[in-house]
1. Just to confirm the filter: which trypsin sites (Lys or Arg not before Pro) across the range 7-103 are DSSP coil and have at most 13 other Cβ within 10 angstrom of their Cβ?
2. Accessible area of Thr122, 1.4 Å probe, to the nearest 10 Å²?
3. Over the chain, calculate the relative contact order: mean separation of alpha carbon pairs under 8 Å at least 6 apart, over the residue count, as a percent.
4. Over the chain, with every protein chain in place, what whole percent of the accessible area is carbon and sulfur at 1.4 Å, could you tell me?
5. Given H placed on each backbone N at 1.01 Å, which residues far from Tyr72 in sequence or on other chains put an amide H within less than 5 Å of it?
6. Any idea what angle helix 123-143 forms with the longest principal axis of the chain, computed on alpha-carbon atoms, 0 to 90 degrees, nearest 10?
7. Counting chymotrypsin sites (Phe, Trp or Tyr not before Pro) as exposed when in a DSSP loop with at most 12 other beta carbons within 10 Å, what is the longest stretch of the chain free of them?
8. Rounded to whole Å and sorted largest first, list the principal axis extents of the Cα atoms in the chain.
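The values are calculated or read from the model by the stated rules, or taken from the named source; none is laboratory data. In this text, all values refer to a predicted model and were calculated from it rather than measured experimentally. Note: ideal-geometry Cβ built from the backbone for every residue, glycine included; neighbour counts use all protein chains shown. Ligands, DNA and RNA are stripped out before the accessible areas are found, and what is left, the full protein with its side chains, is counted by its heavy atoms. Shrake-Rupley method; radii C 1.70, N 1.55, O 1.52, S 1.80 Å.
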Amino acid sequence: AKVKAVHVPYKGQSLLITDMLGGRIAMYFSTIAVVKPYVESGKMRAFGVTSAKPSAAFPGVPAIGDVGLPGYAVENWYGLLAPSGTPPEVLAQLAKDAADILSRPSVREQLLAQGLMQATQTPDEFAAHIRQETLTWRRVIQSRHIEAD
């Protein structure tokens, strides 16, 4: 989007939210769960979600890719990992157990309430996802000459 912005590191969400509500910062990226109460109360405005598709947890808030930045999608994800060398049958059982838990309506409701979209993958699919994410972000970091501060 060629937006000029200054990265301001914070040591936690509470200080960041205080500065956002106090007008000391103009924008920030956050998880839905953190800002949802402020958006619903009108204290903050959500311009878009960074996922490829709009989130059911934020009705009426478009995906950024749908409102000016086609193809934009940056998604936060979580996964279950095991040590290298874990036997395949153990990985298969862990994957099955995790999928069973994630398919429970009460778990799905809790995840959705936090703005999370559930997607289960096989261990091989998840490994491929991690490899792809690593390549994607390596390219971004290198092409933009990003350094940790």
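1. Values: sites: Lys11, Arg24, Lys43, Arg45, Lys96; in loops: Lys11, Arg24, Lys43, Arg45.
Within the range 7-103, the qualifying trypsin sites (Lys or Arg not before Pro) (loop, at most 13 other Cβ atoms within 10 Å) are Lys11, Arg24, Lys43, Arg45.
2. 70
3. 16
4. Within the chain, the accessible surface is 58 percent carbon and sulfur.
5. Long-range HN contacts for Tyr72: Gly65.
6. 40
7. 79-149
8. That gives 53, 40, 32 Å along the principal axes, largest extent first.
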